[in-house]
Amino acid sequence: MEIIHVSAECYPVAKAGGLGDVVGALPKYQNKLGHIAKVVMPMYRTKFLYENSFDVVHKGAFGLAHYWFDYTIIKERTNKLGFDLYLVDIYGILDRERIYGYDDDSLRFTAFQIAVVDWMSQWNHHPDIVHVHDHQAALIPFMMQYCYAYQNLSYIKTILTIHNAEYQGWMGWEKANYIPHWDPWKSGMLEWDNDINPLASGIKCAAKVSTVSPGYLQELMHNANGLEMLFEYERGKCFGILNGIDTDVWNPADDFFIQEDYNTENFKQKKQINKKVLCDQFNLDETKPLIIFIGRLVGEKAADLLPYVISDSIYHMEGKMNFLILGSGEWWIEDQLQHLRSHFTGYYHSQIQYNEKLSHQMYAGADFLLMPSRVEPCGLNQMYAMRYGTIPIVRRTGGLNDTVKDFGDEGGYGICFNDATVGDITHSIYRAMQLYEQRERTHEIRKQIMQIDNSWERSAKIYINLYNS
Ligand code: ADP
């Protein structure tokens with residue numbers, strides 16, 4: 001089977017979060033299963049672009065509103081990622097340093113999608129499946145079916161995977177002329193709540209829709225940032241498939257970012273060495289339990305509660321633990337977390353930045369990972385943490401609920417709580433401190449979680465079954 005993945009992110013080319021991790025791994029594992037999976041994404045000005053060699057495979061042009069865009073498709077030469085990687089270059093539009101966050105993002109990603117569809121419509125041999133990811137690629141199923149210029153693609157089946165339904169790519173109808181001429185009777189397939197809503201359009205037009213965990217799909221029926229009714233209506237074609245993790249990239253036994261590699265036999269000593277290096281770097285105490293948070297500093301992740309949780313925990317539990325935060329996001333949360341450093345020197349440190357290498361070192365060196373998310377479609381951090389023997393403290397929501405079981409329950413191994421409140425989170429930290437005191441139990445749990453199979457092998461097969469259906 002031949003599959004084309006279309007996405008705004010793909011690790012290690014460009015990543016802002018879990019979407020990048022998934023699109024960087026799933027195609028590789030589908031290829032390992034004997035299928036042909038390829039990735040098409042925008043060409044941003046990232047390090048990967050300058051450090052690798054590419055061939056030009058296609059040049060084309062299209063009109064969008066009153067603009068005319070030339071585009072070029074380049075292909076990475078060595079196949080080093082485990083799949084064919086194609087980048088879409090549109091001069092002045094996509095070739096920027098950041099992935100998102102520009103005023104003209106609607107224009108940028110609509111242009112990207114038109115270029116992809118325009119290019120595919122000129123292939124002699126078409127793929128079996130076009131698998132689009134999130135709203136930045138979600139207009140493609142509509143374009144393939146209803147835009148006059150691309151009718152030769154209308155027979156190809158499309159799948160939309162929703163990594164996060166909070167972001168939908170809304171555009172006012174004044175931007176309708178961004179989309180190539182379409183059958184006007186089908187305008188309803190673009191619309192939700194009086195706007196052009198790319199994510200809603202993808203849900204309506206794709207043959208199948210998947211979310212990145214079964215728990216998240218259930219939640220979307222009640223809480224989907226305005227799309228609840230649509231999920232309810234389309235539930236027959238929606239499936240929840242839990243993300244996997246790329247065990248080649250996230251492997252404590254072979255990780256060039258960390259000080260000491262380790263496995264289930266020697267983790268007790270080696271993990272402590274990684275912890276010491278990390279604590280020395282940030283002026284923390286390696287003899288105390290280390291709790292980390294890694295992620296976007298936004299309300300969805302309940303990052304706004306972190307300053308209160310950290311202060312309360314350090315005061316009420318008499319500084320028995322250390323905290324280390326890595327993240328970036330809302331400026332006011334960043335400010336608060338920076339500010340806290342001067343209050344809790346020796347107990348707390350924060351790094352307000354995006355740093356892939358440091359994230360590996362933190363998963364390896366920490367005792368606990370905190371994820372109090374208000375919304376968590378799947379969550380990869382808890383799975384990475386477990387692979388590195390770091391015990392997750394998570395709110396029972398979405399994919400966190402699907403992947404972490406409380407150590408108080410039979411066979412459990414993590415710490416779970418119900419509400420994203422300072423009280424609930426601080427209480428969970430208290431439970432973590434109690435667990436930490438029981439050294440043997442803690443070691444058993446670390447060994448248990450390091451062996452949990454969250455690899456892509458399993459989920460990649462489920463996606464293939466979905467394509468076959
Ligand atoms: P989301 O996609 O909602 O941000 P996920 O848990 O699905 O959350 O994926 C987050 C990914 O991004 C993980 O690989 C995590 O390690 C990484 N990440 C998030 N913030 C940072 C950061 N500041 N530095 C390094 N890696 C980060």
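Looking at the stretch 97-108, can you tell me whether even one residue there is within 16 Å of the ligand (Cβ to nearest atom), without any contact (Cβ under 8 Å) to a residue 40 or more places away in the chain and within 30 Å of GLY327 (Cβ to Cβ)?
yes
Looking at the stretch 404-416, which of its residues are touching a residue at least 24 places away in the same chain (Cβ under 8 Å) and touching a Pro at 6+ places or on another chain (Cβ under 8 Å)?
Result: GLY414, ILE415.
I need a count of the residues in the stretch 176-220 that are in a loop (DSSP other than H, G, I, E, B) and not polar (S, T, N, Q).
The total comes to 9.
Any idea which of (1) without any contact (Cβ under 8 Å) to a residue 60 or more places away in the chain; (2) farther than 29 Å from VAL212 by Cα; (3) in a loop (DSSP other than H, G, I, E, B) is the one ALA61 doesn't satisfy?
(3)
Looking only at the stretch 253-297, count every residue that is in a loop (DSSP other than H, G, I, E, B) and within 22 Å of ILE415 (Cα to Cα) and tell me the total.
Looking only at that region, the number is 5.
Is it the case that some residue within the stretch 35-45 is surrounded by fewer than 21 Cβ atoms within 10 Å (Cβ to Cβ) and within 16 Å of the ligand (Cβ to nearest atom)?
Checking the stretch 35-45: not a single residue is surrounded by fewer than 21 Cβ atoms within 10 Å (Cβ to Cβ) and within 16 Å of the ligand (Cβ to nearest atom).
Scanning the stretch 108-136 for residues that are closer than 20 Å to GLN30 by Cα and in contact with a strand residue (DSSP E or B) (Cβ under 7 Å, 6 or more places away or on another chain), which turns out surrounded by the fewest Cβ atoms within 10 Å (Cβ to Cβ)?
Within the stretch 108-136, the match that is surrounded by the fewest Cβ atoms within 10 Å (Cβ to Cβ) is ASP128.
Only one of GLY408, GLY412 is of a type in the set (Gly, Ala, Ser), in contact with an Asp or Glu (Cβ under 6 Å, 6 or more places away or on another chain) and not in a helix (DSSP H, G or I). Can you tell me which?
When all the criteria are applied, what remains is GLY412.
Restricting the first residue to the stretch 373-399 and requiring it to be closer than 24 Å to GLU265 by Cα, which pairs with a second residue that is in a loop (DSSP other than H, G, I, E, B) and not small (Gly, Ala, Ser) meet a Cβ separation below 6 Å and a spacing of at least six or different chains?
Within 6 Å, the pairs are GLN382/VAL404; MET383/ASN454; TYR384/TRP250; MET386/ILE452; ARG387/TRP250; TYR388/PRO252; PRO392/VAL404.
Under 7 Å between Cβ atoms, which residue pairs at least 6 apart in sequence (or on different chains) link something in the stretch 273-292 that is of a type in the set (Asp, Glu) with a partner that is crowded, with 18+ Cβ neighbours inside 10 Å?
Pairs that qualify, where the first residue is of a type in the set (Asp, Glu) and the partner is crowded, with 18+ Cβ neighbours inside 10 Å, are ASP285/CYS279; ASP285/ASN322; GLU286/LYS275; GLU286/CYS279.
Checking ASN263 against (1) surrounded by 18 or more Cβ atoms within 10 Å (Cβ to Cβ); (2) under 23 Å from SER455 (Cα atoms); (3) touching a residue at least 60 places away in the same chain (Cβ under 8 Å), which single condition isn't satisfied?
(1)
Among the residues of the stretch 2-52, what is the count of those that are at pLDDT 95 or above, among the hydrophobic types (A, V, I, L, M, F, W, C), under 26 Å from PRO198 (Cβ atoms) and part of a loop (DSSP other than H, G, I, E, B)?
3
Among the candidates ASP453, ASP409, ASP402, which residue alone is out of contact with any strand residue (DSSP E or B) (no Cβ under 7 Å at 6 or more places or on another chain), within 16 Å of the ligand (Cβ to nearest atom) and not hydroxyl-bearing (Ser, Thr, Tyr)?
Within the list ASP453, ASP409, ASP402, the selection yields ASP402.
Inspect the stretch 331-352 for any residue being within 12 Å of the ligand (Cβ to nearest atom), over 16 Å from LEU297 (Cβ atoms) and part of a helix (DSSP H, G or I) and give the result as yes or no.
no
Please indicate, with yes or no, whether at least one residue in the stretch 373-392 is on the phi < 0 side of the Ramachandran plot, among the aromatic types (Phe, Trp, Tyr) and more than 14 Å from the ligand (Cβ to nearest atom).
no
In the stretch 64-107, what count of residues is obtained for those that are surrounded by 13 or more Cβ atoms within 10 Å (Cβ to Cβ), polar (S, T, N, Q) and not in a strand (DSSP E or B)?
Summing the residues that are surrounded by 13 or more Cβ atoms within 10 Å (Cβ to Cβ), polar (S, T, N, Q) and not in a strand (DSSP E or B) in the stretch 64-107 gives 1.
Please pick out the residue among PHE62, PHE69, PHE83, PHE54 that is within 30 Å of GLY327 (Cα to Cα), away from the ligand (no atom under 16 Å from the Cβ) and among the hydrophobic types (A, V, I, L, M, F, W, C).
Being within 30 Å of GLY327 (Cα to Cα), away from the ligand (no atom under 16 Å from the Cβ) and among the hydrophobic types (A, V, I, L, M, F, W, C) holds for just one of PHE62, PHE69, PHE83, PHE54, which is PHE83.
The values are calculated or read from the model by the stated rules, or taken from the named source; none is laboratory data. Bear in mind that the values here come from a model prediction, so they are computed numbers and not experimental data. Note that each Cβ is placed from the backbone with ideal geometry, even for glycine, and that neighbours are counted across all protein chains shown.
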